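A quick write-up on the structure given underneath.
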């Protein structure tokens, strides 16, 4: 079986303040044809479906050994801002003390926000957040044709019209996070950074997979078609569409990132915003 997917990574703020320069977000946005397990998309109001980790997206797709997956990496265009919401993160910060999305610093801000509500109202906010999160991560939601999740999605975007997407817990992957995003946000604010095809070699327990890199694109044409490198070239990542600062960083390392140099690259990406 062949799957189409989009891998999105974005940075923001000061990367050096987020524990070793980790990227703010790493998203894998699935092709609309792969939305059979989401329950959030309807023909009337289409959404793109995302996950914050590659392994989460493979788990959500329930890929099997031998499957091919086409991953397309994008990030937000330089200077583009988005309005994303989160369901279940108040509850997670309350229980664990940190945010699953952006780490300790923002998690502390979320915690202070809840505290400002006062004890009684704060607990109400956390309870409602946990309840809405449970609706979206209900493993039995398919038994009623995802009626509750679709109604909640509609209510969220109707109430917060400037919202462009929202995060919520994964059904299939423990502590994994997903994202539902408006297609127009993807179209107008996304920048393609990489395109690769992988093949699943082995499906392991706990949401882990062995896979091999099959092909990498080196660029894309004006009509959106990719220009592919020869099959004989083997890489983990091939990035394009970089800023001048990012290109200079890559040239200084002879075009190769090794070990934790990826986080150094992400720091350069943040500072060039």
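The values are calculated or read from the model by the stated rules, or taken from the named source; none is laboratory data. None of the values given here were measured: they were computed from a predicted structure. Cβ atoms come from the backbone with ideal geometry, glycine included; neighbour counts cover every protein chain shown.
Before moving on, here are some points about what is shown:
- Verdict on residue 167 being assigned to a helix (DSSP H, G or I) and either assigned by TED's automatic domain parsing to the domain that holds residue 57 or in contact (Cβ under 8 Å) with a residue 24 or more places away in the chain (or both): no
- Options 114, 93; residue that is under 16 Å from residue 168 (Cβ atoms), touching a helix residue (DSSP H, G or I) at 6+ places or on another chain (Cβ under 6 Å) and at pLDDT below 80: 93
- Exclusive hit being modelled with pLDDT under 75 and either within 24 Å of residue 142 (Cα to Cα) or outside any strand (DSSP E or B) (or both), set 74, 45: 45
- Condition broken by residue 162, with the remaining ones in (1) in contact with a helix residue (DSSP H, G or I) (Cβ under 8 Å, 6 or more places away or on another chain); (2) assigned to a loop (DSSP other than H, G, I, E, B); (3) more than 23 Å from residue 207 (Cα to Cα) satisfied: (1)
- Count of residues meeting criterion [part of a helix (DSSP H, G or I), more than 28 Å from residue 97 (Cα to Cα) and touching a residue at least 12 places away in the same chain (Cβ under 8 Å)] in region 123-156: 5
- Failed condition for residue 186, given (1) assigned to a loop (DSSP other than H, G, I, E, B); (2) in contact with a strand residue (DSSP E or B) (Cβ under 8 Å, 6 or more places away or on another chain): (1)
- Residue count for region 223-261 under the criterion of being loosely packed, with under 15 Cβ neighbours inside 10 Å and at positive phi: the result is 4.
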